[in-house]
Amino acid sequence: MSQKDTCDIYCYDEAKVNRIQGNMQNEDLSSVAQLFKALADENRAKISYALCQDEELCVCDVANIIGSTVATASHHLRTLHKQGLVKVRKEGKLAFYSLDDDHVKQLIIIALAHKKEVKVNV
């Protein structure tokens, strides 16, 4: 086994470590992790991508797009809504969903661009 990946000293740059730890304490990284957990499900990623393609979709259309039942699509949309990724508009018995803001669309676009770049460099 190679010893190249081990570190023989306790802390190389203590000032840098302390600065980053201080910055980290000022951020709500738990909510960031929750956001990515919500997008980590393939169906929710598909729904988010679909909502990047069109500003607003009905639950039944989302179900058709991802190939699921309306109940399953609704469940995933509720999860995305709880995480603040999508917003809902009711019209009678119909529920229409859209991305909460442009940041969500940017996350999806950046993730797809990154994945394409990784495939090229592998």
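Overview of results
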quantity	calculated
Simple Cβ-charge dipole of the range 1-121, Lys/Arg +1 and Asp/Glu -1, about Cα centre, in debye nearest 20	340
Equivalent ellipsoid semi-axes, the chain, via Cα gyration tensor eigenvalues times 5, rooted, Å	38, 18, 13
Sparse-neighbour loop sites [GluC sites (Glu not before Pro); the range 13-122; at most 15 other C-beta within 10 Å; DSSP]	Glu27, Glu55, Glu56
Helix-only [θ]222 nm of the chain, DSSP H runs n ≥ 4, -39500 (n - 2.57) each, per residue, nearest 500	-20000 deg cm²/dmol
Trypsin sites (Lys or Arg not before Pro) restricted to the range 1-85 and DSSP loop, no more than 10 other C-beta within 10 Å	Lys4
Residue-by-residue Karplus 3J(HN,Hα) for the range 45-50, coefficients 6.51, -1.76, 1.60, Hz, glycine and proline x	5, 4, 4, 4, 5, 4
17 Å tail of the calculated P(r), the range 1-72, as % of Cα pairs	67
Over the range 51-114 - Rg/Rh using Cα atoms and the Kirkwood inverse-distance radius	0.97
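Each value in this text was obtained by applying a stated rule to the coordinates, not by laboratory testing. All figures in this text were calculated on a predicted structure; none of them were measured in a lab. For neighbour counting, all protein chains shown are included, and Cβ atoms are generated from backbone atoms with ideal geometry for every residue, glycine included.
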